[in-house]
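Peer 1: One structure is given below, represented as structure tokens, and several questions about it will come after.
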Amino acid sequence: MPVLTTDAESETGIPKSLSNEPPSETMEEIEHTCPQPRLTLTAPAPFADESSCQCRAPHEKLTIAQARLGTPVDRPVRVYADGIFDLFHSGHARALMQAKTLFPNSYLLVGVCSDDLTHKFKGFTVMNEAERYEALRHCRYVDEVIRDAPWTLTPEFLEKHKIDFVAHDDIPYSSAGSDDVYKHIKEAGMFVPTQRTEGISTSDIITRIVRDYDVYARRNLQRGYTAKELNVSFINEKKYRFQNQVDKMKEKVKNVEERSKEFVNRVEEKSHDLIQKWEEKSREFIGNFLELFGPDGAWKQMFQERSSRMLQALSPKQSPVSSPTRSRSPSRSPSPTFSWLPNKTSPPSSPKAASASISSMSEGDEDEK
């Protein structure tokens, strides 16, 4: 590995060039005991003061090309990324993911500035420093968190944490009287750029909250927060609560309208089914009626059969034409006598009665004969 020479430092003390010549004095080879990247995610990332790099082996200077080729397992590339990380969001996570995957074997250290330093150079934060530290510890790409990180990186800080490269987006970051706080890092060849995620930032999230302040104030009042906790005046509190009641009424009306629409739709579906069933039943009824009372229906045949039976029952039986006549004596009177005339009975009320009377008459005639 190339070794850093003593005269290869810039004015700030940051290494600037490399020498391929071995050091003049021979040194005993010492194994690296640098902290290894996290392999399991069962616990949050440690803080730097809890697990600082105590490796006694010389920390050789690496070029970006050498780091991309890969380093020994016991010598991971130590990449540093810093920031405020207020309202930790997906843009922060994507930047840290890029910093973590810059090299095959990398150890990502993340520096988080304190509240005092942030309020002095950037402005007020939504989350306090303890909350921001914890948010970084639970990001899967972070191997170590450095609390109270410096605003501008010094050679002492880089040497203390044995930092090989600094990862940040390539846009010049003007702050603390400097046009770009990473200028000296770039000049030393220790800067590796990452890409910003468009459409998401802490300032964008705060802008949304400020723009929809009334909505979020009403939301938190409805969830049990007091006006004092929200720093809301008495008049605004009453206004927000009244607006919440109006919204509830609107929601109830909306629900009633939706239910009424569903009811109407169900009624329409049922009426359509009912009309269809009526049509089917009416076709069936008309078919049965025509089958029964039509020109060739069963009712006509049955009526004809019954009519013929009634006629046969009402009309008397005639004697056959070819039957022989009996000889009568001249002394006897030819006129027959009827036994039913003196009784003066009423006519039969039914065909059966009529047939019975006719049969009785015929029997009487035969007796007289």
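Peer 1: Separation of region 99-136 and region 170-227 by C-alpha centroid, Å?
Peer 2: 12
Peer 1: Taking θ = phi - 60°, what integer Hz values does the Karplus form 6.51 cos²θ - 1.76 cosθ + 1.60 yield along region 86-95, in sequence order, with x for Gly and Pro?
Peer 2: 7, 6, 3, 9, 5, x, 4, 4, 5, 5
Peer 1: Something else: Just order 137-143, 162-168 by mean Cβ neighbour count inside 10 Å, highest at the front, would you?
Peer 2: 162-168, 137-143
Peer 1: In sequence order, what are the phi-derived ³J(HN,Hα) couplings for region 248-255 according to the Karplus relation 6.51 cos²θ - 1.76 cosθ + 1.60 with θ = phi - 60°, rounded to whole Hz, with x for glycine and proline?
Peer 2: Couplings: 5, 5, 4, 5, 5, 4, 4, 5 Hz.
Peer 1: Further, regarding this structure: Calculate the tail of P(r) for region 201-306: the fraction of all Cα-Cα distances greater than 22 Å, expressed in %.
Peer 2: In whole percent, the share of Cα-Cα pairs in region 201-306 beyond 22 Å is 67.
Peer 1: Which chymotrypsin sites (Phe, Trp or Tyr not before Pro) in region 57-99 sit in a loop by DSSP (not H, G, I, E or B) and have at most 11 other Cβ atoms within 10 Å of their own Cβ?
Peer 2: none
Peer 1: Starting from the amide H of ASP169, placed 1.01 Å from N in the peptide plane, find each other amide H under 5 Å away whose residue is 5 or more places distant or on another chain.
Peer 2: THR194
Just so you know, all these numbers are worked out from the coordinates, no wet-lab data involved. Because the structure is predicted, anything quoted here is derived from the model rather than measured. No Cβ is skipped: glycine too gets one built from the backbone with ideal geometry, and neighbour counts run over all protein chains shown.
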